[in-house]
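The values are calculated or read from the model by the stated rules, or taken from the named source; none is laboratory data. These figures come from a predicted structure and were not determined experimentally. Cβ placement follows ideal geometry from the backbone for every residue including glycine, while neighbour counts extend to all protein chains displayed. Side chains are part of the model used for accessible areas, which takes the heavy atoms of the whole protein and leaves out ligands, DNA and RNA. Shrake-Rupley method; radii C 1.70, N 1.55, O 1.52, S 1.80 Å.
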Amino acid sequence: MKLASLKGGRDGRLVVVSNDLAWYSPADRIALTLQAALDDWDRCEPELRGLAESLEHGSVPKARFHEHEAASPLPRAYQWADGSAYVNHVALVRQARNAEMPDSFWTDPLMYQGGSDGFLGPRDPIPLKDEAWGCDLEGEVAVVTGDVPMGASRDEALAAIRLVMLCNDVSLRNLIPDELAKGFGFFQSKPASAFSPVAVTPDALPSWKDGKLHGKLEVELNGKPLGEADAGVDMTFDFGTLVAHAAKTRALSAGSIVGSGTVSNRGPDGGPGKAIAEGGVGYSCLAEVRTIETILTGKPSTPFLRDGDVVRIQMVDARRHTLFGAIEQRVTAA
C-alpha cells in the first residue's frame, strides 16, 4: 500500500496512491491526514488497504497523481530522530574533520533529534541564505512508526514500523564543527529535511528484508549520477535496532520518523568507495566526495551546493519503476 499527502493545510490531505504512482484516490472518509490514520491504525489500516485494492481495480473515483502536488507524507511530525546506521559514512566524515572514531560507534547507534515541526515537500526548493554554510544533501531511508513502548525489543520495534520512505536530510556542513564543539549537538546546522512523495508499507516492498531496504539509492546532482549505493549493504544497524535505540528511555508516539543516516557503501577492498565514473557506486552526500578528495589529494575540490543546483533522489525496481517517487529539489537563495 502506498500513501501520500497532497498539499493543503499544515498536515496535508491523505490519499491512497496506485502501485505505479499514476493515480490516487482520496482517503478522507477513512482519515483526513496521515497522522490521523497512524493514530488509529488498527481501524484505518484495513480500510486503507481496501481502498488501495479498489483503486487498483478501478472501482473507486480516481485522479492523476502528480508528485509536485505532494507534501512530504508527514508534513510535520511529533518526532524526527535520525540515526547513522552506515558507520562507513561516519568514519569518513570524522576523518575529514580529523576527529577520533570511537570503537563504540560500531556497536551503539548514533542518533540525534532533528526538527520535526515542518518538513519540505519532495519538490520544494531548498532555501539557502548563505553558501558559506556548506549546504549538503544526504540521501537516506526513513521509517514511520506506530506507538512504540519504552524499552521495546528489536523485534517489537520492527513490528511497529508502519511505513518506509526516502529522505533528503539537508546539512550545513560548515556550521557543524562549531556546534558539536559546544558538546550539545546539532541545531542550526540541520535545517528542514524533505521526504519522498509516497510512503510505502513494508509488505509492499519485496526488497524490505530483516529491517533493511535493499536496492540502489539513486542520487543525482544537476542531472549527473552522484551515487547508487545499495541501502541494504553495509548497514551496521537495521531499523529494528534503530527504533529500539530511540525507545530505550522513552516511548515513541505514532507518527515518529526514524532515519537511517546517509546511505554509504565501502569499496570492494573494504576501504572508501569510488565514484561512479571510476567503477564504484558513488556517494549519497557531498561530504563523502570531499573526504575522498582530501584523502587522495590533500584537499577537497568539489563545492557544496550552490544557488541553482538541483538534487534528485529516488529508488526504482528491476523494471525501472519508481518505488517512492522522486525527491527533486533546487537550491534557492533565501
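Please work out whether the stretch 130-284 counts as rounded, prolate or oblate from its C-alpha gyration tensor, where a ≥ b ≥ c are the square roots of the eigenvalues and a/c under 1.5 means rounded, while otherwise a/b larger than b/c means prolate and anything else oblate?
Taking the square roots of the gyration eigenvalues as a ≥ b ≥ c, the stretch 130-284 is oblate.
Size of the stretch 26-150 along its principal axes in angstrom, Cα-based, largest extent first?
59, 38, 26
When a/c is below 1.5 the answer is rounded, else prolate if a/b is larger than b/c, else oblate, so apply that to the stretch 145-188 with a ≥ b ≥ c taken from the square roots of the Cα gyration tensor eigenvalues.
The shape class here is oblate.
As an exercise, identify the trypsin sites (Lys or Arg not before Pro) in the stretch 26-61 lying in DSSP coil whose Cβ has no more than 13 other Cβ atoms within 10 Å.
29
Roll a 1.4 angstrom probe over the protein heavy atoms and tell me the percent of accessible area of the stretch 1-121 that is carbon or sulfur.
Carbon-and-sulfur percentage of accessible area, whole number: 46.
Please compute one quarter of the surface area of the Cα convex hull for the stretch 210-305 and express it in square nanometres.
Its Cα hull, projected and averaged over all orientations, spans 8.2 nm².
Suppose we take every Cα in the stretch 80-167 and form the convex hull; what volume per residue is that in Å³?
Cα convex hull per residue, to the nearest whole number: 138 Å³.
When N counts the residues of the stretch 162-245, how does its alpha-carbon radius of gyration compare numerically with 2.2 N^0.38 Å, as a ratio?
Here the answer is 1.31, to two decimals.
Relative to the Cα centre, what is the charge dipole magnitude of the stretch 15-108, using +1 at the beta carbon of each Lys and Arg, -1 at the beta carbon of each Asp and Glu, and rounding to the nearest 20 debye?
Approximately 280 debye in magnitude.
Hey, can you rank 113-125, 312-324 by average C-beta count inside 10 Å, highest first?
113-125, 312-324
When only Cα pairs under 8 Å and 6 or more residues apart are kept, what is the percent relative contact order across the chain?
22 percent
Quick one: what Rg and Dmax do you get for the chain from the alpha carbons, in Å?
19.1, 62
Once the Cα atoms of the stretch 64-119 are picked out, what are the Rg and Dmax in Å?
16.4, 51
Over the stretch 213-306, with every protein chain in place, what whole percent of the accessible area is carbon and sulfur at 1.4 Å, could you tell me?
52 percent
Kindly give Rg over Rh for the stretch 100-213, based on alpha-carbon atoms, with the Kirkwood expression for the hydrodynamic radius.
1.00
So what is the relative contact order of the stretch 65-222, in percent, for Cα pairs below 8 Å that sit 6 or more residues apart?
25 percent
For the chain, report the accessible area per residue in Å² (1.4 Å probe, heavy atoms, rounded to an integer).
Result: 44 Å² of accessible area for each residue.
Using unit Cβ charges (K, R positive; D, E negative) and no other charged atoms, how large, in debye to the nearest 20, is the dipole of the chain about its Cα centre?
That gives a dipole near 440 debye.
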